[in-house]
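K.L.:
Starting off with a structure, shown below.
The values are calculated or read from the model by the stated rules, or taken from the named source; none is laboratory data. Since the model is a prediction, treat every value here as computed from it, not as a measurement. Here Cβ is always computed from backbone atoms with ideal geometry, including for glycine, and neighbour counts include all displayed protein chains. Accessible surface is based on the protein model in full, side chains and every heavy atom, while ligands, DNA and RNA are left aside. Shrake-Rupley method; radii C 1.70, N 1.55, O 1.52, S 1.80 Å.
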Amino acid sequence: MAVESSNDIYALPEDCIATALSLTSPKDVCRLSAVASTFRSASQSDAVWARFLPSDYPHIISRALDGGDSLLSKFHSKKDLYLHLCDHPLLIDDGRKSFQLEKLSGKKCYMLSARDLSIVWGDTQYWRFLSLPESRFPEVAELLDVCWSMVHGFDHQSAEGYVKVSGSGSESEKRSVCLDPDGARRRRHQRVPRREGLFYRRLTQMRNPEAMLPDGEPEYPKQRGDGWMEVELGECFVEEGQDGELEVSVMEVKGGNWKSGIIIQGIEIRPKESK
């Protein structure tokens, strides 16, 4: 049947409209569902939302702490399951990782818990693992006291973020990151030197101010929707079918100042938001 005008599309069978919607994106489907009742009805179809779910979602859900069967049986539509995976990170792999979908695109987001990270001196008295009710993971890592860190630099001493896909031939990205939430304000209003001993935010009697100032403007932490702070370590581009190991690190080994107090929930790997 030829479609001669824009109004003729409403004469198409609902399953044809659903097939057409499944070739768009979750964001587009939500917009189109507000246009007409025909689109709204078709936008609820499992055929649409099954296309937006990752092809391997049953396997991913099977890695959940409870095995995933209860989650699959809980939702009677693919749309409800999709929205649940967007809004509720799923703990997988014995609670050491979480899986989530990016709502507008359906792309995968993973967070590696602190227990799944390689933290230099993480198994010594310089760090401790504890439970926090506001964390998605059973345990987070708290830095007690260290002067040389292969995961983080703190307060006024910027660290170096590093991201690369090994075996891809692409260049690594390095950027300066600051893990102090007030770092941007401090940088605008004062020059803060370093101090021997523990690093506190309001201590004086410091020395060697030039050693604390990074070259260029670093990345500063931003508030997340879940209440935690995050700082972007870098980005990489992975082509379809490309296979390689993603290397991510944060380190500060040059300043020599003592660091303490940060609590690490994990490192998240997610798609870059479209502009």
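K.L.:
Protein chains only, probe 1.4 Å: how do 219, 240 rank by accessible area, largest first?
P.N.:
On the way: 219 55, 240 190 Å².
Correct descending sequence by accessible area is 240, 219.
K.L.:
So, taking all protein chains as they sit and a 1.4 Å probe, how much accessible area belongs to residue 73, in Å² rounded to tens?
P.N.:
Its heavy atoms expose roughly 80 Å² to the probe.
K.L.:
How charged is the neighbourhood of residue 62? Take every other residue with its Cβ under 12 Å from the Cβ of residue 62, and add Lys/Arg as +1 and Asp/Glu as -1. Walk me through the numbers on the way to the answer.
P.N.:
On the way: positive: 63; negative: 56, 66, 69, 93.
Summing Lys/Arg as +1 and Asp/Glu as -1 gives -3.
K.L.:
From largest accessible area down, sort 235, 273; use a 1.4 Å probe on the protein chains.
P.N.:
Working: 235 85, 273 140 Å².
From most accessible down to least: 273, 235.
K.L.:
On a full-extension model of 0.36 nm per residue, what is the gain between residue 260 and residue 173, subtracting their alpha-carbon distance, rounded to one decimal in nm? Working shown, then result.
P.N.:
On the way: separation 87, 0.36 × 87 = 31.32 nm, distance 2.67 nm.
Roughly 28.7 nm would be gained on extension.
K.L.:
What number comes out for the charge environment of residue 111, summing +1 per Lys or Arg and -1 per Asp or Glu over other residues with Cβ under 12 Å away?
P.N.:
Details: positive: 96, 97, 108, 115, 136, 224, 270; negative: 93, 116, 226, 230, 268.
Counting the neighbours of residue 111, the net charge comes to +2.
K.L.:
Going through the cross-link list 108/174; 108/272; 27/79; 97/259, which pairs have a Cα-Cα distance over 19 Å in this structure?
P.N.:
On the way: 108/174 24 Å; 108/272 11 Å; 27/79 13 Å; 97/259 26 Å.
Table pairs above 19 Å Cα-Cα are 108/174; 97/259.
K.L.:
Could you go through the stretch 66-71 in sequence order and give the Karplus-derived ³J(HN,Hα) for each residue, using 6.51 cos²θ - 1.76 cosθ + 1.60 with θ = phi - 60°, rounded to whole Hz, and x for Gly and Pro?
P.N.:
9, x, x, 4, 5, 5
K.L.:
Let me ask something else. Below 15 angstrom from the Cβ of residue 30, what's the summed charge of the other residues (Lys, Arg +1; Asp, Glu -1)? Numbers along the way, then the final one.
P.N.:
On the way: positive: 27, 31, 40, 51, 78, 79, 103; negative: 28, 80, 87, 102.
Local charge sum for residue 30: +3.
K.L.:
Would you please give the residues with an amide H less than 5 Å from that of residue 177, counting only those at least 5 places away or on a separate chain, with H modeled from the backbone geometry?
P.N.:
159, 160, 161, 219
K.L.:
A further question follows. Which residues does a label at residue 65 reach in the stretch 125-147, if reach means a backbone N under 13 Å from a point 7 Å past the Cα toward the Cβ?
P.N.:
Counting backbone N atoms under 13 Å from the label point, the list is 131-140.
K.L.:
Also: Please list, ordered by chain and number, the residues whose modelled amide H lies under 5 Å from the amide H of residue 165; skip anything fewer than 5 residues away on the same chain.
P.N.:
Residues meeting the amide H criterion: 247.
K.L.:
Using each residue's phi in the stretch 236-250, evaluate 6.51 cos²θ - 1.76 cosθ + 1.60 at θ = phi - 60° and report the 3J(HN,Hα) Karplus result to the nearest Hz, with x for Gly and Pro.
P.N.:
Calculated HN-Hα couplings, in order: 9, 10, 10, 6, 4, x, 6, 10, x, 9, 7, 9, 9, 8, 9 Hz.
K.L.:
Can you work out D for the stretch 30-123 in µm² s⁻¹ from Stokes-Einstein, where Rh is the Kirkwood radius over C-alpha pairs, the temperature is 37 °C and the viscosity is 0.692 mPa s?
P.N.:
Numbers: Rh = 14.7 Å.
Using the Kirkwood radius from Cα pairs, D works out to 223 µm²/s.
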